[in-house]
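To start, the structure under review is shown below, and the notes come after it.
The values are calculated or read from the model by the stated rules, or taken from the named source; none is laboratory data. What you see is a predicted model; the values in this text were computed from it and never measured. No Cβ is skipped: glycine too gets one built from the backbone with ideal geometry, and neighbour counts run over all protein chains shown. Side chains are part of the model used for accessible areas, which takes the heavy atoms of the whole protein and leaves out ligands, DNA and RNA. Shrake-Rupley method; radii C 1.70, N 1.55, O 1.52, S 1.80 Å.
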Amino acid sequence: MKKLFGFIIISLVSITTQAQKRPKLVVGIVVDQMKMEYLYRFESDFSENGFKRLMKNGYTFHNAHYNYMPTYTAPGHASIYTGTTPSMHGIVGNDWFHRTLKKDMYCTDDAAVSTLVPGTETEGKMSPRNLQSTTMTDELKLSTNFKGKVIGMSIKDRGAILPAGHFADWAFWYTKTGEFISSDYYGKKLPTWADDFNKEKNYIPYTEKGWSLLKPKEVYNESLPDDNPYEGKLYKKTPFFPYNMKEMLDNNDPGVIRVSPYGNNLLADFAKRAIEKEELGKDEITDFLALSFSSTDYIGHTFGPRSIEIQDTYLRLDETIADFLNYLDKTVGKDNYLVFLTADHAGAENSTFLKDNKYKVDNINYKNVSADLKEFSKTTFSDDLILKYDNFNVFFDLDLIKSKGLDLTKVKQSFKEYLYTKEYVKRVYTEEEILAGSPNDELLEFVSNGYDPTQNGELYFVYKPGYLEYSATGTTHGSPYTYDTHVPVIFYGWHIKKGESHEKKYITQIAPTVSQLLKITMPNSTKCEVLTELFTKKE
């Protein structure tokens, strides 16, 4: 009997040990256009149960950065989940001119698929087929023999599709019809629970209550005054609280919720429904929920990083995250889930605001850049040799250059010298220089990491710090500078000790780190550099 009892005890211990090898659920949270600085600036106004809970009880990397340009949404999500840069995974922008195909592309366009929701034919023709590398979610599917579930969701299609990877069970994204949709890349019809959620029109209660300040106005002393000259209008309305969202909805479409904090709430509601109905984290086979909050980006672009609107959005997102963590505690169990939180890029200060405060920078209109390049070409070469200017890339009409008997190397050098006469240009690189690289040129390294010679242009240039290719209001991103590269990286939950690091880290370390924690194969293009701090014993 003693032997039998001992055998049972050993067996139970073995089962428990096996169960703890992986968390039941991994939740990857990406906050679109989140600056690390927001966690510091708004800290005193956050609750104890949202961002502070993650930072105090998890492991925070304070000095994490992107290591390529352009720092846009699609490359950001792809880089987080593949553990590599656009030069390898192929997502070189949100949309771009493809050098080899000689046509404009969108990151997740796929003409071979169809929407699963009537009335969203264009918005639904999406898949991950343009992504050239595997993701950590792909590797989880492979390691569990496709038994672990992987679901991606976001207000943006690219924020859902690219993190979910090639083998996902589902990716869902929001449309102007007020529905979360998907394509037949993932299945023949929308899951019943998702269809039911759409029929409930859950966006209506949010829009009907309007957008007022969450807290008393004096709390927002970390921001510029309401209705300052650096903010853009919201659906033609003066940027001033409160916002009548019902009126905006009546005059537009359900897409208006994107440019409000309620886009984040709606996504969290949808995520909870998915966890419940798909039974994520209910067995010992690890599932993965890739969650991307997009409204922060829409609001940042419209109002800028010093607006009351962006501060209110983060105070509300703090509450949303607190509620979601409590939900995970109840449904999956406090010690059974692993969370990481990061951002796909950060965001610049408004250039007009900086200029008004005596920093000599400016906003640049890309149409003017393109027109100037074409004018220079006609003046110098008596013809327009520019095929396209797009996302810092200059594409030449190589057939025309050849037919005119021009030396391409000399043509590139001529344009390079011309661009250096522009006040806003910091560096100009030819394709040859980019591919050759240089250990002594940090900007070139950023460009090289984001460059694919089959897709990018023959010439590439970088703006000076502070200059934005954008309008005079709001803000944007895309540069290799710290205001666009510095983002939060926080790990929390299953087997994660409390702590923090101020050493420089790269966003491409997240995927191999998660893979190592789960003891699965790393994505196939990653450099396999992990966040070693997470692998020391938990105290």
When TYR206 is evaluated against the numbered criteria (1) at pLDDT below 95; (2) buried (at least 18 other Cβ atoms within 10 Å of the Cβ); (3) among the hydroxyl-bearing types (Ser, Thr, Tyr), which criterion, by number, is the only one it fails? (1)
Please state which of the following conditions THR513 fails to meet, knowing it meets all the rest: (1) surrounded by fewer than 23 Cβ atoms within 10 Å (Cβ to Cβ); (2) farther than 30 Å from VAL259 by Cα; (3) touching a Leu at 6+ places or on another chain (Cβ under 9 Å). (1)
Count of the range 457-487 residues which are surrounded by fewer than 19 Cβ atoms within 10 Å (Cβ to Cβ) and β-branched (Val, Ile, Thr): 1
On the basis of being open to solvent by 60 Å² or more (accessible area, probe 1.4 Å) and at pLDDT 95 or above, does THR192 make the cut? yes
Just for strands (runs of 3 or more DSSP E) wholly inside the range 51-120: which have at least 1 residues that are farther than 16 Å from PHE392 by Cβ and of a type in the set (Phe, Trp, Tyr)? 59-65, 103-106
Scan of the range 118-129 for residues that are surrounded by fewer than 21 Cβ atoms within 10 Å (Cβ to Cβ) and in contact with a strand residue (DSSP E or B) (Cβ under 7 Å, 6 or more places away or on another chain), ordered by number: THR120, GLU121, GLU123, LYS125
Among helices (runs of 4 or more DSSP H) entirely inside the range 266-368, those with 2 or more residues being of a type in the set (A, V, I, L, M, F, W, C), open to solvent by less than 10 Å² (accessible area, probe 1.4 Å) and more than 28 Å from HIS166 (Cβ to Cβ) are 295-303, 308-331
Residue that is most open to solvent (accessible area, probe 1.4 Å), among those in the range 76-103 that are in contact (Cβ under 8 Å) with a residue 60 or more places away in the chain and more than 25 Å from VAL487 (Cα to Cα): LYS102
On the basis of being closer than 24 Å to PRO305 by Cα, open to solvent by 10 Å² or more (accessible area, probe 1.4 Å) and at pLDDT 95 or above, does HIS62 make the cut? yes
Any chance HIS89 is closer than 25 Å to PHE446 by Cβ and within 20 Å of the chain's Cα centre (by Cα): yes
Of everything in the range 492-527 that's among the hydrophobic types (A, V, I, L, M, F, W, C) and not in a helix (DSSP H, G or I), which residue is nearest to THR134 (Cα to Cα)? MET522
When the range 130-149 is examined, which residues are found to be over 28 Å from ASP452 (Cβ atoms) and either open to solvent by 20 Å² or more (accessible area, probe 1.4 Å) or touching a His at 6+ places or on another chain (Cβ under 9 Å) (or both)? SER143, ASN145, PHE146, LYS147, LYS149
Which members of the range 139-157 meet the condition of being in contact with a strand residue (DSSP E or B) (Cβ under 8 Å, 6 or more places away or on another chain), among the charged types (D, E, K, R) and touching a residue at least 40 places away in the same chain (Cβ under 8 Å)? LYS149, LYS156, ASP157
Condition broken by TYR220, with the remaining ones in (1) over 22 Å from GLU319 (Cα atoms); (2) in contact (Cβ under 8 Å) with a residue 24 or more places away in the chain; (3) hydroxyl-bearing (Ser, Thr, Tyr) satisfied: (1)
Among ASP227, ASP253, which is of a type in the set (D, E, K, R) and either surrounded by 15 or more Cβ atoms within 10 Å (Cβ to Cβ) or touching a Pro at 6+ places or on another chain (Cβ under 7 Å) (or both)? ASP227
Qualifying positions in the range 419-456 - part of a loop (DSSP other than H, G, I, E, B), of a type in the set (S, T, N, Q) and surrounded by 18 or more Cβ atoms within 10 Å (Cβ to Cβ): GLN455, ASN456
Take the range 150-178 and flag every residue that is part of a loop (DSSP other than H, G, I, E, B) and crowded, with 24+ Cβ neighbours inside 10 Å. ILE155, LYS156, GLY165, ALA168
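Quick grid of which residues meet (1) open to solvent by 10 Å² or more (accessible area, probe 1.4 Å); (2) under 30 Å from GLY304 (Cβ atoms); (3) in a helix (DSSP H, G or I); (4) out of contact with any helix residue (DSSP H, G or I) (no Cβ under 7 Å at 6 or more places or on another chain):
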site	(1), (2), (3), (4)
ASP372	yes, yes, yes, yes
GLU375	yes, no, yes, yes
ASP383	yes, no, no, no
TYR389	yes, yes, no, no
LEU400	yes, no, yes, yes
Which members of the range 235-265 meet the condition of being assigned to a loop (DSSP other than H, G, I, E, B) and not polar (S, T, N, Q)? TYR235, LYS236, PRO239, PHE240, PHE241, PRO242, ASP253, PRO261
What pairs come up if the first residue lies in the range 421-432 and is more than 15 Å from GLU458 (Cβ to Cβ), the second is β-branched (Val, Ile, Thr), and their beta carbons are under 7 Å apart, counting only those six or more places apart or on different chains? TYR424/ILE364; LYS426/VAL462; ARG427/VAL462
I need every pair where a residue in the range 30-44 that is within 17 Å of PHE491 (Cα to Cα) and open to solvent by less than 10 Å² (accessible area, probe 1.4 Å) has its Cβ under 8 Å from the Cβ of a residue that is of a type in the set (Gly, Ala, Ser) and assigned to a helix (DSSP H, G or I), sequence separation at least 6 or different chains. VAL30/GLY76; VAL30/GLY159
